[in-house]
Amino acid sequence: MAGGGGAERAGVAVAAAGLLPPARRQPRRRVSSFPRPPPGRLSVCSKLCYAVGGAPYQTTGCALGFFLQIYLLDVAQLDPFYASIILFVGRAWDAITDPLVGFFISKTPWTRFGRLMPWIIFSTPFAVISYFLIWFVPDISRGQVMWYLVFYCLFQTLVTCFHVPYSALTMFISREQSERDSATAYRMTVEVLGTVLGTAIQGQIVGKVVTPCIQSPLFVSESNASASMGDVNMTHYTGSLTDMRNAYMVAAGVIGALYILCAVILSVGVREKRESSELQSDEPVSFFRGLKLVMNHGAYIKLITGFLFTSLAFMLLEGNFALFCTYTLGFRNEFQNILLVIMLSATLTIPFWQWFLTRFGKKTAVYVGISSAIPFLIVVVVLDSNLIVTYIVAVAAGISVAATFLLPWSMLPDVIDDFKLQHPDSRGHEAIFFSFYVFFTKFTSGVSLGISTLSLDFAGYQTRGCSQPNEVNFTLKMLVSAVPVGLILLGLLLFKLYPIDEEKRRENKKALQDLREESNSSSESDNTELASIV
């Protein structure tokens, strides 16, 4: 077997040295005469297939974010205390799994499908099953809390096994920064569409059987007639509970089918390309050594710190916008339309921000894009309730949401390129970079949920009430205006410290190209030397 391997390598060396007869070399010349795309360039089809892979995470995340709490309380009928445990533990576990999955991916050996794609392929069916079981009400008197806790955490783990390698795949579809940025723009557009799709599917299917609000006990009479009316309402609610449960399961089935379809398109239409620099060294990296190297990289810390505060601002706005529209503005029946305007505005303006960042630079796009929401967030709480003004604010918020979606994922590859130049002998850290950024993003989501819940509870929020006290309305104004504006200004101030501007990007790109050319020339010289020996 050793001799056979040596003969095969010798044959390759002879061919490389040009020692084959002309008759046998002719077919190779004829094949190479066909035009080939430049190395590193991606076709529109490849970018679209790559972008489709971002939809499952956003679609399921949007459905869970908007509807899981209502489902646990009103459909599964869990005690609010246990529902809070499920939500908080699930989010905390979700944040922990991101760096762990990133570490295991960095130690995964390359296969003929790649290093990242097997994680995506094998996690998909189990993720879909666990997602469906989250929206299923088991017919058991005890153990419901453990049911939802187990399957919620299991789904978060499996969707992490999909999303972390998918995020890191950006670095393995092309070496060109412009191509990666273009693919990221495609991806962000599809991801925003995924949020729209998740909201539409879940909202339209479930919205037809949502129970009405409950009047405050202060307005309910203690008479027998009122008690009889309460019995009638409770009978109607019990009768519609089965329809509600079926609606949630139908919505879960539709979203699960969409999840599988997107995973198939991604795995078939995208080829994971192994970088030539990794061919020379593929040794596993110690977790603590890799973590220390990544977290000591100054550009990475400044980037995630800036987006930590800006992401927290928009998550506070997102998490409380429905309550703000319903109670403070009084637009209970317009919430879904306003949310749809925000998402459509974000979807339509992502191509604009892609053009803007290539024309004026990514740091300038950060300042202009994220700060554009500040005046509108102030206007919506200063002026009296006005539906037209609210829609204008929704459009402006969508423009900033598009910038917030696009820019972090567009800037992360620049940080990784900068890291490679400073640590040329350290390989396989791409998944760690992306997973820790996702970790911090989910951490901000948990913080925003905690702040909102504690603040509204302290203000006297009434669950499923038709109206709320003035203290709750004031708290909602703070959560969707004053606090987000302050966090945005703090995040933009931190971005002043981010060192990678357009000039630095061009320098890094040229330095990486020189390193690759040096590596390729060294490899060619080794082949020539081997051929001369043969």
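The values are calculated or read from the model by the stated rules, or taken from the named source; none is laboratory data. Predicted, not measured: the structure shown is a model, and the values here were computed from it. Reconstructed Cβ throughout: ideal geometry from the backbone, glycine too, with neighbour counts over all protein chains shown. These accessible areas exclude ligands, DNA and RNA; they are computed on the full protein's heavy atoms, side chains included. Shrake-Rupley method; radii C 1.70, N 1.55, O 1.52, S 1.80 Å.
One residue is enough: does segment 158-180 have a residue meeting the conditions within 26 Å of residue 408 (Cα to Cα), touching a residue at least 12 places away in the same chain (Cβ under 8 Å), charged (D, E, K, R) and part of a helix (DSSP H, G or I)?
As a first pass, look at segment 158-180 and keep what is within 26 Å of residue 408 (Cα to Cα): 158-180.
The next check asks that each one be touching a residue at least 12 places away in the same chain (Cβ under 8 Å); those that pass are 158-180.
Retained after the next criterion (residues that are charged (D, E, K, R)): 175-176, 179-180.
Checking which are part of a helix (DSSP H, G or I) leaves us with 179-180.
For segment 158-180, residues within 26 Å of residue 408 (Cα to Cα), touching a residue at least 12 places away in the same chain (Cβ under 8 Å), charged (D, E, K, R) and part of a helix (DSSP H, G or I): present.
If we keep just the residues of segment 463-475 that are at pLDDT 85 or above and not acidic (Asp, Glu), which is surrounded by the fewest Cβ atoms within 10 Å (Cβ to Cβ)?
Our first condition is that a residue be at pLDDT 85 or above; within segment 463-475, this holds for 470-471, 473-475.
Then drop every residue that is not not acidic (Asp, Glu), which leaves 470, 473-475.
On the way: 470: 10, 473: 16, 474: 13, 475: 24.
My answer is 470.
For every residue, the table says whether it meets (1) at pLDDT below 80; (2) among the aliphatic types (A, V, I, L, M).
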residue: 343; (1), (2): yes, yes
residue: 346; (1), (2): no, yes
residue: 366; (1), (2): no, yes
residue: 389; (1), (2): no, yes
residue: 398; (1), (2): no, no
residue: 418; (1), (2): no, no
residue: 427; (1), (2): yes, no
residue: 446; (1), (2): yes, no
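Those residues that are outside any helix (DSSP H, G or I) and either within 22 Å of residue 292 (Cβ to Cβ) or modelled with pLDDT under 75 (or both), I need them from segment 100-109; list them, please. Steps first, please.
Kept after step one, since they are outside any helix (DSSP H, G or I), are these residues of segment 100-109: 107-109.
107, 108, listed by residue number.
Here are the criteria: (1) crowded, with 17+ Cβ neighbours inside 10 Å; (2) within 22 Å of residue 53 (Cα to Cα); (3) at pLDDT 90 or above. Tell me which single one residue 164 does not satisfy.
(3)
Any idea how many residues of segment 487-504 are open to solvent by 40 Å² or more (accessible area, probe 1.4 Å), part of a helix (DSSP H, G or I) and over 15 Å from residue 408 (Cα atoms)?
Pass one, segment 487-504, residues open to solvent by 40 Å² or more (accessible area, probe 1.4 Å): 489-490, 493-494, 496-497, 499, 501-504.
Next, from what is left, pick out any that are part of a helix (DSSP H, G or I): 489-490, 493-494, 502-504.
Cutting the leftovers down to over 15 Å from residue 408 (Cα atoms) gives us 489-490, 493, 502-504.
Number satisfying all stated conditions: 6.
Please enumerate the residues belonging to segment 158-196 that are in contact with a Ser or Thr (Cβ under 7 Å, 6 or more places away or on another chain) and aromatic (Phe, Trp, Tyr).
Of everything in segment 158-196, just one residue is in contact with a Ser or Thr (Cβ under 7 Å, 6 or more places away or on another chain) and aromatic (Phe, Trp, Tyr), namely 162.
Out of the residues in segment 16-69 that are more than 30 Å from residue 131 (Cα to Cα) and of a type in the set (D, E, K, R), state the one that is modelled with the highest pLDDT. I'd like the intermediate steps shown before the answer.
The first filter runs over segment 16-69 and keeps only residues more than 30 Å from residue 131 (Cα to Cα), leaving 16-44.
Among the residues that remain, those that are also of a type in the set (D, E, K, R) are: 24-25, 28-30, 36, 41.
Values: 24: 41, 25: 43, 28: 44, 29: 43, 30: 44, 36: 48, 41: 74.
Only one residue tops the list, namely 41.
Scan segment 114-137 and tell me whether some residue there is open to solvent by less than 10 Å² (accessible area, probe 1.4 Å), at pLDDT below 80 and not charged (D, E, K, R).
yes
Out of the residues in segment 326-341 meeting the condition of being assigned to a helix (DSSP H, G or I) and of a type outside the set (S, T, N, Q), tell me which one is modelled with the highest pLDDT. Please lay out each step first, then the result.
Initially, segment 326-341 is screened for residues assigned to a helix (DSSP H, G or I), giving 326-328, 332-341.
Narrowing the set further to residues that are of a type outside the set (S, T, N, Q) leaves 327, 332, 334-335, 338-341.
On the way: 327: 77, 332: 68, 334: 75, 335: 70, 338: 80, 339: 74, 340: 75, 341: 83.
The qualifying residue modelled with the highest pLDDT is 341.
I'd like the full set of residues that are in contact with a helix residue (DSSP H, G or I) (Cβ under 7 Å, 6 or more places away or on another chain) and surrounded by fewer than 23 Cβ atoms within 10 Å (Cβ to Cβ), limited to segment 191-205.
Let us first name the residues in segment 191-205 that are in contact with a helix residue (DSSP H, G or I) (Cβ under 7 Å, 6 or more places away or on another chain), namely 191-199, 201-203, 205.
The answer is 193, 196, 197, 199, 201, 203, 205.
From the list 63, 92, which residue is farther than 30 Å from residue 273 by Cα, open to solvent by less than 10 Å² (accessible area, probe 1.4 Å) and in a helix (DSSP H, G or I)? Before the answer, list the steps.
Numbers: 92 fails: open to solvent by less than 10 Å² (accessible area, probe 1.4 Å).
Only one candidate passes the filter, namely 63.
Which pairs do you get when a residue that is on the phi < 0 side of the Ramachandran plot and touching a residue at least 12 places away in the same chain (Cβ under 8 Å), found in segment 363-387, comes within reach of a residue that is open to solvent by 60 Å² or more (accessible area, probe 1.4 Å) and of a type in the set (Asp, Glu), reach meaning Cβ atoms under 9 angstrom, with the pair 6+ apart or on two chains?
Qualifying pairs under 9 Å: 363/501.
So how many residues does segment 368-411 have that are open to solvent by less than 40 Å² (accessible area, probe 1.4 Å) and not in a helix (DSSP H, G or I)?
2
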